[in-house]
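Data first, discussion second: the structure below is written as structure tokens.
No lab work stands behind these numbers, since they all come straight from the coordinates. On a predicted model such as this, the values are computed, not experimentally measured, just so you know. Please note: Cβ atoms are built from the backbone with ideal geometry, for glycine as well, and neighbour counts cover all protein chains shown.
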Amino acid sequence: MKKEIEKFADKLVIAYKKNKLISPLPIKYTKNIKNATRLRKICESKIKTKIVGFKAGGTALPVLKKLKEKEPFYSAIFKNNILKSGKRVKINSSTLGIEVEVGYLINKNFFDNKSLITMKNVSKYITHMMPCIEVVGYRQKKQGIKYLGDLASDFGANIKFLVGSKKKFKRLNIGNLKCSIKNVKTGNIVKGNTNTVYINPLNSLRFVLNKMKKDKVKLNSNFFVFTGSTVGVVPLKNKGVYVAKIDKIGTVKSAIH
């Protein structure tokens, strides 16, 4: 007989593939981040779609403190979850909201490096940077976040990523860039700053790359890393077109329906 964790992984994978919702996971797989991470990895191993990147989640220090966690988590992003700016995304009752993030494109030569990634050497692996909208939510019939494992266990709660135009990487004051997301129809604007992202997005990138090294992850192509929300999770009270902006990096939009 399959282990219980394998059975729940199978249910989540089916929900992922068929874009359906299942009953909430037992709390023992979400309250403990180690159990949540184990479940996530089992789920990801069952998906045959190409992995094209990774995301950092839970990168806001006040949120980590509230959830009594020491560090964020990371999860894989599959090719079918990456969309170009402006594409339509259908949401459901378990969609938590949208986030504005700094994304980086990382050269595959990163996998040849044997040493630790530091703030001094992380830049040499970046080819491009770009703005991103992440649509976050569950494959389960639940709302809210009680534990970091709620997000980590469910494929990192990444539903879709809308990617803006890529710019060749250059050093910016990445820890202090103004960000915003606007609902075009209502005019509502939520503002933020890159300094909310685990000190700054480059530090979040460093965290993800070192976690990948520790887990012996290896790809044969360049890949994305999305570094965490600059505006928090913005609830989707109204459908329509959302436009996000990160100063000096660019804009990206999504049509939510």
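Here the chain is treated with +1 on each Lys and Arg Cβ and -1 on each Asp and Glu Cβ, and its dipole about the Cα centre works out to around 400 debye. Residue ranges 93-103, 21-31, 205-215 sort as 93-103, 205-215, 21-31 when ordered by packing (mean number of other C-beta atoms within 10 Å per residue, highest first). P(r) tail for the range 37-147, what percent of Cα pairs lie past 18 Å? When all Cα pairs of the range 37-147 are counted, 64 percent exceed 18 Å. In the chain, a dipole from Cβ-located charges (positive for Lys and Arg, negative for Asp and Glu) runs towards its positive end, and of Asn113, Asn81, Gly137 it is Asn81 whose Cα lies farthest in that direction. Shape analysis of the range 102-217 places it in the oblate category; the axes a ≥ b ≥ c from the Cα gyration tensor give an a/c of at least 1.5, with a/b not above b/c.
Equivalent-ellipsoid semi-axes for the range 4-256 (Cα gyration tensor, √(5λ), whole Å, largest first): 25, 23, 17. Dipole of the chain computed with +1 at Lys/Arg Cβ and -1 at Asp/Glu Cβ about the Cα centre; of Ile174, Asn193, Gly240, farthest Cα towards the positive end is Gly240. Helices in the chain, meaning DSSP H runs of at least 4 residues, each add -39500 (n - 2.57). Divided by all residues, the mean residue ellipticity at 222 nm is -6500 deg cm²/dmol. Only aspartates and glutamates eight or more places from Lys245 in sequence, or on another chain, were considered; those with a Cα closer than 16 Å are Glu99, Glu101, Glu134. In terms of surrounding Cβ atoms within a 10 Å radius of their Cβ, Thr127, Thr196, Thr227 rank from fewest to most as Thr127, Thr196, Thr227.
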